[in-house]
Structure formats: C-alpha cells, structure tokens
Number of protein chains: 2
Amino acid sequence: MSANRLIYLPLGGAGEIGMNSYVYGYGPKGKERLILVDLGVAFPDMDTSPGVDLILPDISWLADKLDRLEAIFITHAHEDHIGALAPLWPQLEKKVYCRKFTATIGRLKFEEAGLPVNQIVVVEARPATVEVGPFKVQFVPVSHSIPESSALVIDTPAGRIFHSADFKIDHNPVVGEAWDDARFAEIVAERPVKAMTCDSTNVFSTHEGRSESTLGPALTDLIRSASGMVVATTFGSNVARLKTLAEAGRAAGRTICVLGRSMKRMISAAEEAGVLSGFPRTVSPEEALEVPRRNLMVLATGSQGERRAASAQLSRGKYLGLEMKDGDTFLFSSKTIPGNERGVLRIWNAYSEMGVNVVDDQGGKYHVSGHANRPDLEHVHRLILPDMLIPMHGEHRHLREHVRVATEAGIAAAVAPNGTMLDLTGDVPEVVEHVETGRLYLDGSALIGALDGVVRDRIRMALNGLVTVTLILDEANKPMGEPWVELMGLPGLGRGERPLAETLEADLDEVIGRLSRKVMADDDKLEEEIRKVTRQVTMEEIGKKSEVTVVISRLVAE
Amino acid sequence: MSANRLIYLPLGGAGEIGMNSYVYGYGPKGKERLILVDLGVAFPDMDTSPGVDLILPDISWLADKLDRLEAIFITHAHEDHIGALAPLWPQLEKKVYCRKFTATIGRLKFEEAGLPVNQIVVVEARPATVEVGPFKVQFVPVSHSIPESSALVIDTPAGRIFHSADFKIDHNPVVGEAWDDARFAEIVAERPVKAMTCDSTNVFSTHEGRSESTLGPALTDLIRSASGMVVATTFGSNVARLKTLAEAGRAAGRTICVLGRSMKRMISAAEEAGVLSGFPRTVSPEEALEVPRRNLMVLATGSQGERRAASAQLSRGKYLGLEMKDGDTFLFSSKTIPGNERGVLRIWNAYSEMGVNVVDDQGGKYHVSGHANRPDLEHVHRLILPDMLIPMHGEHRHLREHVRVATEAGIAAAVAPNGTMLDLTGDVPEVVEHVETGRLYLDGSALIGALDGVVRDRIRMALNGLVTVTLILDEANKPMGEPWVELMGLPGLGRGERPLAETLEADLDEVIGRLSRKVMADDDKLEEEIRKVTRQVTMEEIGKKSEVTVVISRLVAE
C-alpha cells in the first residue's frame, strides 16, 4: 500500500461566501506536493470590519510550505476568486495558470501592483493540460456570470478530482461556451471522478436555473416602454448581461453609453481576450449628452449600492454631465447580496425622490443567477458520478445542505469548512487535520490580522465614543494643573446640561488629588484609576461607558 | 368661505420605515388645533448610527406649539408607533388615548420611565368617541401582527379622515378582531371619507395577503416531523403567531417554553388586556430541562438576529440551561427586515455548525406579513372611497408607488414625506409648507441630534482610526520633549515594518522644530499644522488619512 495520500484543504471560501482559496496535495503525509486553486477576496462591512478595504485569506499555512507548492490555478476572474492574487502573490511567487480572459484581468492587476505579468500563464481549455508535480490539470469551460469560468479536472496518481468552480447550467449563455452534458460525460468516461468539490451558493434555490438568453425579450419590452432615459446596472464583470442589456437597448432604438471604470475595463478585457464580439457601439458620456433622453440607455456600475459607483453618483445628482430626471427609468438587473440591502434601497429611494421609475429584478424577469440551483447541482452530481462530494463556495449552512443533498443521492460527502484538511485517498473523505486559517485585512496599504485588535478598537470607538485624558506630572509626581479631557463621538452635555468634559475634568481632578504617592508614581496604576473614573462618570452623565485613552506626561528637569 | 383649514403633517414615518409620528390640525392657518397620532422609534445600524440605542423623531415643531396640541393617539403597541412615547412625552405632557392592550404596554413603559400612567386613557372601539378640540376620534379594529391595531376615524368640521394605521386584511386572524368589510362600508355610509392616510409597507407585494390562520397546519406538520427539540422565533409582539406556534407545538405533542423577556411580557399583557385566551400552558426553562427533547418546543425572541436575544444566545451555546444539539430544529417564523440579513445569517450558520436544521419562512409557508399587499390596499381604497389618498408608513419608493396605484384608480393622491404639510381642505391635497423635521438619537441616557456631529465623529473614527498627539510647550512656546503619539484603531507598523507611532513622533518633532514663533504661539495654527502632518504621514505609512486629536498643553510658571 502506498504511503502517498491525496488531500484537500480550503483556506477560504468554505464556510463563507468570498475569498475562495483551496489547496490540493498529493504525496507522503506532511510532504505532499501542493497546488492552490483560486485566491480571492471577501468584502468588508461596517458591522465587523469598518474602514477595511478588502478581506484576504490568511495563507500562512501555505506560505510556510513554499518548497512544496507547485503552482496556482485561477478558475475565473471574479474578485472572490482572483482578488487576493496580486496582494498575496509576493508571499508565494509561483506560476499562475488560467484561461485567457482571466489572465487579461490578472495581468492588469499585476501591472498595477508592479508584479511580473509573465508569471500569469494562459492555458487553453481541455484537452490542454498543465503538468505540475504529480498533478495534471485541465480547464473545463462552464457557464457562469463572467466569461471563461472553468471547472478543473485535476488528475493525481490517487484519482481524478473535479473542481466545479462557480458554474450554472446554461445552454445559451449569450457570451461564452454553452453548457454541454456530453463534455462532462466524456470526462467521466475517460476516467471516473474520485472526488468532486462543488459550488454550493444556490443549494437552497429549489427551482431549475434559467438561461441568460431568456432575459432579452423582457428587457427589450421594458426599455421600449420607457419614456425617458434608461439606466441599467448589473455586476461589471457580467459581460453576458452587459451584452444582453446593450442589445435590448439597441433593439428598443437606443444609443448605449457605459458609465463606470470597472465595467468598461471588463468589456475591453473580454474583447481583447476574444470572448466578446458584436457588443453594440457605445458613446462617451459627453456624446450621450447630445442624444435625446428617450433614445439613450446607460449601463452603470454599482448594482450593490456602492457609494462611489456610477449608480449611486447618479442618484445624488449629475455625474459626468448626465442626470436622471422625472419619468426616467432605472433598472437593477441584479440581485442584492445579503448585507447590501440598505445601500441598494438608499439609491432606490433617492431615485424615487427624483421621480425616476425604479425596476428591480422582479423575481427573475430581469436577472438570472450565475450559480447552479439545487436541481442543477443534482443533475451535475449525476453527470459526474463522483465517489465523494465536498461542497465548497458557501456559508456553513450551504455546505451542510449540499452534503445532505449528496448523501440522499448516495454520494459520500463531508462538510469541510476552512482549515479542515480532508484525506480523499480512501472511499470516503476523512478529516485528518485542522489547520489554523483566518482573515487578513487590507487596510489602506497595510495588511493587518483580523484578530490584531485594530478593527476591534475601531468598533469600540464607534459604539462607545472616546475620551482622551491628558495629565502632566512634575518631578514629584504632582499634577501640573487639572487633567485635560477631549471628547470624540460623545455628546457634549451630560445630566442637567452640564458640559461633560468639565464634569470629567473636575471629577478626575478630585480623584487624582486623593491618590496615594505610590499610585501617582506608577503609570499603569494611575492610568487604570483614570480610566475607571472616566468610565464611571460617563456612565453617570450620559449612560454609557466610553472608551478611554490616557496620556500621562512626566516632566523631568533638563 | 371659512378660513379654517384641515392639515396633515408627518413628523416621522413618511419616507422611512419606522418612527411613525403624524400630526393633524384644524383651524385658522397657523392656529390650527392639533392632534398627534403615534410616536414611534426607528432602529439604529452600524453604518449610519453606531452606538445609538434608539432613533426618535425630532418633534420640536410640535413641542413649540403645546398650547395648540389637544392630545396624542396611539394606534397600536409596535415600537415604531409607541416606542418614542415615554422618552418624548415629557416634552408634550398631553393625554394619550389608545385601546386597552396598547395602554397596557404603554403603561408598563411609563412606569419604567417614572411617568404618570394615568395619562394613558383606554378607549373602546368605535362607536366610542374621543372628543378633543375640533376632533372626534374613533378607534376602528383592524387586523395586524399585534393585538388591537386600530385605524382611526378622525372627524373634523372640514370632513372625515380615515387613518389606516398598520393593517392587513385577515378574516381569521387567530387573535383579535377579524377583518369585516361591513365595518368599513358602515363608516363610509355614515359620512364619506375626505382623506385616507394609508399604510404603504407592502405596496410592492403583488399577491393577495394570506391569513394568519393558514399557517397552523404546515407548522404542525413541520414540528411533528422534527426529531429533536424545536425552537421557533418570531416577533415577540406577534401574539397571534405565538399562539399559532404554541398550538402547533401542542398539536404535535410538545410542551411549550417561552424564552425571552419581551415575548413573555407581550403574552401576559395580551392576557391582561383580555385579547388573548387559551394560550397553551407553558413551562419555565428549568422545567423544560426535564422534558424529553422531542417533546419540547421553545418560543424564542430574536427573529431579526439581535445579538442579545434568546435565539442568538442559543446559537452561541447554553442559555438558561437549554442547549441546541445535532438533529434539533430551529424555525424562523418571520421575515428578515432589510439590513438585518447578516445578523440572521450569522445565527443560521452557527446553528448549522451545531447540526441544527434551520427552517426559514420558505416563501410564506411558515410566515405571513402583517401588512396589506397591493391587491388588499386596492380593495380598501374601493371600500373607503376617499376623495384623496395620502400614503404613509413607507420609504419614499413605497409612498410614490402607492400614489401611482391610487392615481390609476382615479383617486387624488400626493407623496408627502416627513415635514410636508398638506392642506386637505379642498378637493385635492395641496402642499402648503415644509417643516423642518429630523431624527434624535437616544444614546445611552443622552438625546443627541442626528446632525450634531457626535455620530459622524464615531463613524470617522471607525473608518479612519485615530491618532492622538500630545504636545507640551513651555512659557517660551518651546516644546518640552518630543510630541507624544497614541494610536487607536490603526496598525502599529507602517512601511518597512517601522513602528507607526515612532515615525509620527519623529516627523512631527522635525516639523514642529521648523515652525515659526507665530505659529508656535497660536494654538489653532499649531494644531492645524500637527493635524496636517499627521494625516500626511499616516497616508504615506499605512495608506490612509487618520482622524487626529491634538492636545497642546502650555505650562505656565506658578
């Protein structure tokens, strides 16, 4: 019996939506050769990560084993699969394999970050094969909401793995390769699939997914019936939707204008990579100003309510000269990701105040998902017939439900959230190790650990406000004047309309005057006393215990 | 022609979901006698109001006209209608009229706040009439998700107003009075309705609403098929749902235990007010521990993911001795209010990790709304046949859509967001004034204005972190030692792993050393320089401009 084993380890993306990052390994225990599939980001929110720009997976485990890492594979160019590549690549410095469109996007990011673009290698679709160490990897076209999403066939001496990546079943996807059952039957006929790692995002959607191509007629009707200007938003990377929207606009006799840098970049990247052709001619915002409103259709970024994107800008007034008016129409050709509802509704209400008619996806009329729903997942399980199924790309509840679905169909399955190392060598997945994983925050230009306390302090200041107390002591440890109090994020007046800062200063002065010589000589103890009194007084005066920063300055004779 | 006019003025609730507060007036212009209908709160969120406890309407306009205010009417005991009554009543000190259940809840709140409970007056349903000034007001039972919600018939010399309050059409509401078209036909037959102010919450829901009574069978099936303990959550004030759930649990052979103070309080208030009877016997958490898991059903607070409520507590481990386990079932018999998704999903995923089966409302199988959907609204418009319709209780988009629906049916209608005073005297609503309205934050025990800057500073600290710079100057305006820097919510290391505080201190010291005597002598200018340098340095070192607090201490000879 061989001592080699085949392992799977998610470092991100399993137990959350976002920051996908999956490791496969083959070899003797602890010496497996490794590949990394995807390196994505997650997005911060005010509740848990205020001020943070991006959330990245903590890949320390992998960074400690660079001598064992063969290569990186990126399945597609969505941010939750490629977004952490440029920030984290310097820790890995391995070749990156992906298909052409993904490479185009990846290289743009590498260029911006000053990284070597030649490290991103374009791979054709299967049967083209990348051989690295004990792995033979092929890219299999699947339909999704971005061009050239690809499942991976990963062959190892211990068997074949089918890594689904993000996919849906779409026989007419408008842009990119149509879904074809035969393609997958062939893979299985060639060599049975030992393990399938599978997208779980839509496992709770019980109806069959719908094709991108079903949207065109309804969109055309909507746009045709609109009396003023029409603005539509969707994900900038959903090139097929952009084409569907633009063509519907053209069919309704409108000139198309694209607003928003990320959207333009995606369209030109898709054209450059050869996956998009026949996109209707577009005009610049300046040219759009010359087009009668009822002949104009604008495609705008910001479907998730992002404050700086074009949709939000237009909801606040003029943007690049363009302005929405009474009687215009705004279309969300998109689904709101949980957590983004308030931002989206803010835009909707702002448009409502302008008299703009806002239309949302209306339960699928103007939007279809890019992920496989439950019946589609079941269909693919039956196509691929894996010995075992490992759900990925989902919150814990998605992974668990997906395991339930697979188990009911008689497939061995396991919930493996981030950090769970599975041994796939045998007939069933076996948990062999728990690896420490976590999140890094890209905060401005700094990378900080999610548990470093930095963001915790921000949250505390946001919830409790901050009192800064400054105290100057002379050489005899006697206060030189009263302590000085500054308030940030706290009401200026306490009970009986007394200024809070003055109350604090007076009370602190009194307490400090009573402290022993020993305490006055000890910074830690003195700080602790000041902190305690400050929190007591704010509690009495304004009903909340503030955060406190204490600055003690001791003057020494020169 | 009379110089008297009939006015309507929303101070809250129109243009937002929450803090309902509507003024009606009758009399000569500027001297109208006034009544206030409802005084509710809205709920804060981390994005816009971190650390805030409750959001209240700014009723300064009304508080300035106390000599004209006749009384306060509360339509029902939901927090968004009654929640601001206790905190703001001391500014108004007028009699409060409401039905018995609402009064029971109101008096509990008044007691806690040390306010005179005898100021809350119980009114029977129509034909009972409250006469205050030129107003005759009757309470009309409507169905909703809390007992004794009441529309108001407000008679004035200028005509009859029908204030719908929150309602749905439910002919079998489990708790409370069934909907009866005849009741409304009678009102109209008695005297035609001049203006109807109407709930707009569900105007975008295009299907007919469903009765509370339709839920029982599906719930019983679900609970019967569950193998372990069942925990169900819903709004604590939804007494009908609590009864539906408890009865379904009993039908499935389970003992009922209620977890969560607010839920218990609502049940006993409903029993005390005589609107709830036959609620199944419940056991305490201690007694529940003795019940076999498969014979136990728990009703728990926290359907919106609130961190301190019973549902969240149970998702984190033991709560009052009770604990969820592998194979148990948790039911959300509720809808997630936009903005609360993340909190709800956090609970769902925590349960998933425990192996608990989580069931959500599944598109209406286990939850029905308490508000009238569009077809129901249209039905009521036809019943009441008002000359004009003024949508209330909704975001701007809801109000606007509701106006569209009314206008299509040939009813004069107007969008009147908070602060819009309408003259209803003529045949159509006419905007006559814009009144300043706004939001107050109850923050601990302090009331602060939403625009006071306090919360803005908290948000800035959360997004940007804070640097506190302390500088001590001698009598000659010379620095005594280096400036001292404290960081809060900022990474400790800047570029090249240099400690950020040290870099800041060194750079500030250098810049301060070069400042002119004039600047050194001027606190404002010196502070401005320090602030500028601090922001530049943080930008260079960590890629973000921090917030800055500067404390300059000038030592004076004693």
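Odds and ends about this structure:
- Computed extension length for residue B:250-residue B:225: 7.7 nm, one decimal, from 0.36 nm per residue of separation with the Cα-Cα distance subtracted.
- Sequence-distant contacts, meaning Cα pairs under 8 Å at least 6 residues apart, place the relative contact order of chain B at 15 percent.
- Amide H contacts under 5 Å for residue A:549: A:467, A:468, A:469, restricted to partners 5 or more places along the chain or on a different chain, H placed in the peptide plane at 1.01 Å from N.
- The relative contact order of segment A:212-364, computed from alpha carbon pairs under 8 Å that lie at least 6 residues apart in sequence, is 27 percent.
- Stretch gain in nm, segment residue A:95-residue A:554, where the contour uses 0.36 nm per residue and the Cα spacing is subtracted: 159.7 nm
- Applying a DSSP loop filter and a limit of 16 other Cβ atoms within 10 Å to the GluC sites (Glu not before Pro) in segment A:369-446 leaves A:436.
- Sorting A:271, A:497 by the number of Cβ atoms found within 10 Å of their own Cβ, with the fewest placed first, yields A:497, A:271.
- Under 5 Å between amide hydrogens, built in the peptide plane, is the criterion, and for residue A:199 it picks out A:164, A:165, A:392 among residues at least 5 positions away or on other chains.
- Placing a pseudo-label 7 Å from each Cα along the Cα-to-Cβ vector at residue A:353 and residue A:136 gives an inter-label distance of 6.3 nm.
- Label point distance in nm, residue A:482-residue B:436, each placed 7 Å from Cα along Cα→Cβ: 3.1
- The residues neighbouring residue B:428, those whose beta-carbon lies less than 14 Å from its own, together hold a net charge of -2 under the Lys/Arg +1, Asp/Glu -1 convention.
- Cβ crowding within 10 Å, taken as a proxy for footprinting-reagent exposure, orders A:85, A:555, B:296, B:473 from fewest neighbours to most as A:555, B:473, B:296, A:85.
- Under a 5 Å amide H cut-off, with hydrogens placed 1.01 Å from N, residue A:444 pairs with A:53 among residues at least 5 apart or on other chains.
- Residue-count net charge about residue B:3 - beta-carbon cut-off 10 Å; Lys, Arg +1, Asp, Glu -1: +3
- Cα gyration tensor of chain B - equivalent ellipsoid semi-axes, whole Å, descending: 49, 36, 20
- Under the Karplus curve 6.51 cos²θ - 1.76 cosθ + 1.60, θ = phi - 60°, whole-Hz ³J(HN,Hα) for segment A:216-221, x wherever Gly or Pro sits: x, x, 5, 5, 4, 4
- Whether segment B:77-176 is rounded, prolate or oblate, judged on the alpha carbon gyration tensor where a/c under 1.5 counts as rounded: oblate
- Nearest 10 degrees, 0 to 90: helix B:261-272 Cα axis against chain B principal axis: 30
- Inter-chain Cβ neighbour average for residues A:471-481, partner chain, 10 Å: 2
- In loop segments of segment B:36-138 as defined by DSSP, the GluC sites (Glu not before Pro) with at most 16 further C-beta atoms inside 10 Å of their C-beta are B:93, B:124.
- Segment A:465-554: relative contact order in percent, alpha carbon pairs under 8 Å with at least 6 residues between: 40
- 13 Å beta-carbon shell around residue A:270, net charge (K/R +1, D/E -1): +3
- Dividing the helix sum by the residues of chain B, where each DSSP H run of 4 or more adds -39500 (n - 2.57), gives a mean residue ellipticity at 222 nm of -9000 deg cm²/dmol.
- Ranked list, fewest to most other Cβ atoms within 10 Å of each Cβ, for A:46, A:480: A:480, A:46
- C-alpha center-to-center spacing [segment A:68-87, segment A:483-517] in angstrom: 53
- Counting only alpha carbon atoms, the long axis of helix A:454-464 and the longest principal axis of chain A meet at about 60°.
- Spin-label pair residue B:29/residue A:180, simplified geometry with 7 Å Cα→Cβ offset, distance in nm: 7.7
- Expressed to the nearest 5 percent, the antiparallel share of DSSP beta bridges inside chain B is 50 percent.
- A simple rule links phi to the HN-Hα coupling: the Karplus curve 6.51 cos²θ - 1.76 cosθ + 1.60 with θ = phi - 60°, which for segment B:114-128 gives x, 9, x, 5, 6, 7, 9, 10, 7, 10, 6, 5, 2, x, 3 Hz, with x for Gly and Pro.
- Inter-chain shielding of B:343-353 (mean C-beta neighbours from other protein chains, 10 Å cut-off): 4
- Averaged over the residues of peptide B:395-402, the number of Cβ atoms from other protein chains lying within 10 Å of each residue's Cβ is 5.
- Between helix B:239-251 and chain B: long-axis angle, C-alpha atoms, 0 to 90°, nearest 10: 70
- Taking the centroid of alpha carbons for each part, segment A:297-363 and segment A:523-554 are 45 Å apart.
Readers should treat all values here as calculations from the given coordinates under stated rules, not as data from a laboratory. Values in this document were obtained by computation on a predicted structure and should not be read as measured data. Methodologically, a virtual Cβ is constructed for each residue, glycine included, from the backbone with ideal geometry; neighbour enumeration extends over all protein chains shown.
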